[in-house]
Amino acid sequence: MKKRTKSWSFRKILTRTFVSLVGTGIALVLYLGTSGFPDWLLLDLLQKVDTGPFALETSKLKLDFAGGLVFADAQIYRKGVIGPPAVRADRIDVTIDPFMMMRGKSFIRGIRVENGEVYTGMILGPEEDRAPLSDLNMSYNVLLENCVVDGVSVAVFSADIECEGSFIRVYNMLARLSLDESAGTFRGVVCFDDIKRELTGQLETHFDPHYILSYLQQKEKLKYLATLISRFNFTKSKPRCSIDFTKLMDENGAFFLTGKVWLSDCQYRHVEILRADGSVEIELSKDNAYVRVDPLFVIRQEGNVRGGLTADFRQHSVGFNGVSTMKPMDVMKMVGVYRESLMHNWRFEGSSKVEAHGIIDYRDINKHEMDLSFDGRSVGVGSFVVDECSFEMKMTDRNIVLSSFAGRVCNGDFEGNLGFVLPGEVVTNTSYKVDMNIRNIDATKVLALLTSNDVSVIEGELYCNVSIEGILGAGNGTKAKGKGILGIKEGKIFSLPVFGELSSMMRKAIPGLNFVLSQSDMKVLFAVADGKIHADEIQVNGDILSLLGQGDYYLDRRLDFDVQLKLMKAHTVGGKLIRVITYPISKLFEFKLTGTRDNPEWYPVNFSSDLLERIGLKKKSSEKSKPAVKKEEPSGESAK
C-alpha cells in the first residue's frame, strides 16, 4: 500500500512539474511574443548572432508565434564598412528552423523586410576593410515589401539566396515596382563573387528605366547611360529587355552589358516610334564609355530604319550606318544633327530613301564625317517643291557638299552641285555655293510656284544655267554673287505680268497686235552682285515684234531697265532687212521700265507726255488728279 502511495505521489509530482514547465514555457513564449525580449537577453542574443560578416541592431525583438523572430526598428551593418546601415527597416521578420538551430547549423529560412531602405553597395562593401563572406554558408528566402533599394522604390521583391563562402547567388528573383505591376517588373539571377569583386546577372525586364534614372545619375560610370535613357519617353509603353551584365566592384567600377531591347509606342528626342528592337552592347570602364546598338530596326508609320549606331560618351560622338525610309527630318532629330536655323524651311512631303554612314561629334563640329545618298519625292524649300530629287552628300567638319544633285520639277529636269559651310566661332552664318542647270521646265507651272500672279497664259519651256554663292540669313541677300542664263522657248512672253502695261500700250498703238505677240522666245544673260541682278542682255524674239534690253532688278523688287522694241527676229534675213529699213524710226520704240516687280511702270523715252496723252497711250494729267466724286444716295421723299 505504501509503495502504491509513493508511486502515485511521484507521478503526481512529475505531472505537476511537467505542467509547470509547459506553463512556464507558454508564459515565456507569450511574454516574448507580446512584450519582447528583455534588454539583457536581447543584448546577449545579438552578441551571439553577430559572429558573421554582418552586425544587427534593433530596438525590440519579439517572438513570432508562427516560428520566427520579429525585429523592430532594425539596422544591419556590414562589418568593417563605414557608413549608413546596409539595411534599415521598421520591421524585419526572420523565419527560423529550431531543429537546425539545435544541431548548430544554419537555421534561418526566410527574411521579410517591411518599410525599409536597402543599400547594395553597403551590403557588398568596398574592396578593402570589409568583413569577409567566407564564413557565410546558408540558404534562405528574402521578401521586401514597400522598400527603397538604392534610391528606387520597390513595392515587392522576392528571391531565393544561396551563400557559399565568398559566393552569393540570388535566383528566382522577381521585383514589382508597383503593386499592380503598372510601373513594371524584372526577374532573373544575380551572382556576386566577393573575392573577385564581381557582380554578374541575367535579367528579363519590363519597366520604364526612368524609375532608376536617379540611381544611374549618382554613379560616375553609369551617368552616361542615364543621359541616353533621359532622351526617351516611355509613357505609353514600357520597354522589354533581356540582358547579361557584369559590374566590377573595384575602384574603377567597370560595367559591361549585352542583350536585346524591344520598344513600342515611345519617343526618342521627341520623335514618335511605333516599334524598335536591337542588340545592345554597353561598356563603361576606365578605357571606354559607349553604348552600341547593332543591328537596330526602327518602325514608324511612313517607313523604317535598318542599321546600327554607337554612342561614344567619352568622345561625345555618335557613329552610325543604315538605310532609312523614314522622314529625313525625324532621322536627323534622332541622330542629333537637326538644326532649326538650317532646316526649318525644308519640306519632305513624299517618300524618301536615305543611306548614310559617318560620325557626328556633339562638341566639335570640325570632327563631323558623314557620307549620305538621298532619293526622294515631293521635296522642297518653302513653297517650291520638286517632284523628284536625288543627290550624294559628303560632310567633312563644317563643309557640306551635295553632288550629283538631280531631279524633276514641272515636267522638266535639273542637275547640279551645292555646297554649304556651317557657322563657326568666327563666322556666324551659313555660306552656300550653287551650280545648277535647269531645262525643259513648264514655264507656267514653275512661275505659279514662285509668284502669286496669274501666269496661266505664259506657256513655253523654261531653261536656266546659274552659278551663285552667298550667305544665308536675314539681310544677307545683298552679299550674293554669281551669273547665269535664263530663258523661255515658245512662250507668251509679253503676257508676263511685268510686260502688262507695255503690251497694253502696243495694242493701242497697233490694233490687232494680239496675234503677233502670242509666241516668242526669251533669253537673259545676268549677273548677281551688290544686292541686285544685272541683266547685260535681254532678248525677246517674236515672229513680228522683238525686244532688246538691259538693266537691274534690285532685291527690294525695284526695277530699272532700258528696253527697245524691234520688228521681226534679228537672226533671220527678213528681220535684218526690215530693221535696216525701219532704223530711222526705231528710236520711237525705246522704253524705260521702272517701279517695282508688283507694280511695273513703262513709258516711251522719246515721246512727250502731251503726245502720249493725245494718242491714248497715257492718261491725261487732269484725269489722274481729278478726285473721285461720291454719288449721293437719295433720301426723304425723293427716295420714295
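The values are calculated or read from the model by the stated rules, or taken from the named source; none is laboratory data. Source: prediction; values computed, not measured. Note: ideal-geometry Cβ built from the backbone for every residue, glycine included; neighbour counts use all protein chains shown. The protein model used for the area step is the full one, side chains on, heavy atoms only, and it has no ligands, DNA or RNA in it. Shrake-Rupley method; radii C 1.70, N 1.55, O 1.52, S 1.80 Å.
Just a few scattered comments:
- Residue, modelled with the lowest pLDDT, within the range 342-364, restricted to residues that are open to solvent by 30 Å² or more (accessible area, probe 1.4 Å) and out of contact with any Gly (no Cβ under 8 Å at 6 or more places or on another chain): 342
- The listed residues are 383, 378, and the only one of them that is in contact with a Gly (Cβ under 6 Å, 6 or more places away or on another chain) and either in contact (Cβ under 8 Å) with a residue 40 or more places away in the chain or among the small types (Gly, Ala, Ser) (or both) turns out to be 378.
- Residue list for the range 386-402, filter: out of contact with any Leu (no Cβ under 6 Å at 6 or more places or on another chain) and open to solvent by less than 30 Å² (accessible area, probe 1.4 Å): 386, 389, 395, 400
- Identification of strands (runs of 3 or more DSSP E) wholly contained in the range 148-221 with 2 or more residues that are within 20 Å of residue 260 (Cα to Cα) yields 167-176, 184-193, 198-207.
- Exclusive hit being surrounded by fewer than 19 Cβ atoms within 10 Å (Cβ to Cβ), out of contact with any His (no Cβ under 6 Å at 6 or more places or on another chain) and modelled with pLDDT under 80, set 478, 451: 451
- Hits in the range 414-448 - residues which are touching a Lys or Arg at 6+ places or on another chain (Cβ under 6 Å) and modelled with pLDDT of 85 or more: 419, 421
- Close Cβ contacts (under 6 Å, 6 or more residues apart or on different chains) running from residues in the range 348-373 that are closer than 16 Å to residue 316 by Cβ to residues that are surrounded by 15 or more Cβ atoms within 10 Å (Cβ to Cβ) and of a type in the set (S, T, N, Q) comprise 359/317; 361/317.
- In the condition set (1) within 28 Å of residue 275 (Cβ to Cβ); (2) crowded, with 18+ Cβ neighbours inside 10 Å, residue 237 is compliant with all but (2).
- Of the residues in the range 114-123, not one is modelled with pLDDT under 80, open to solvent by less than 70 Å² (accessible area, probe 1.4 Å) and at positive phi.
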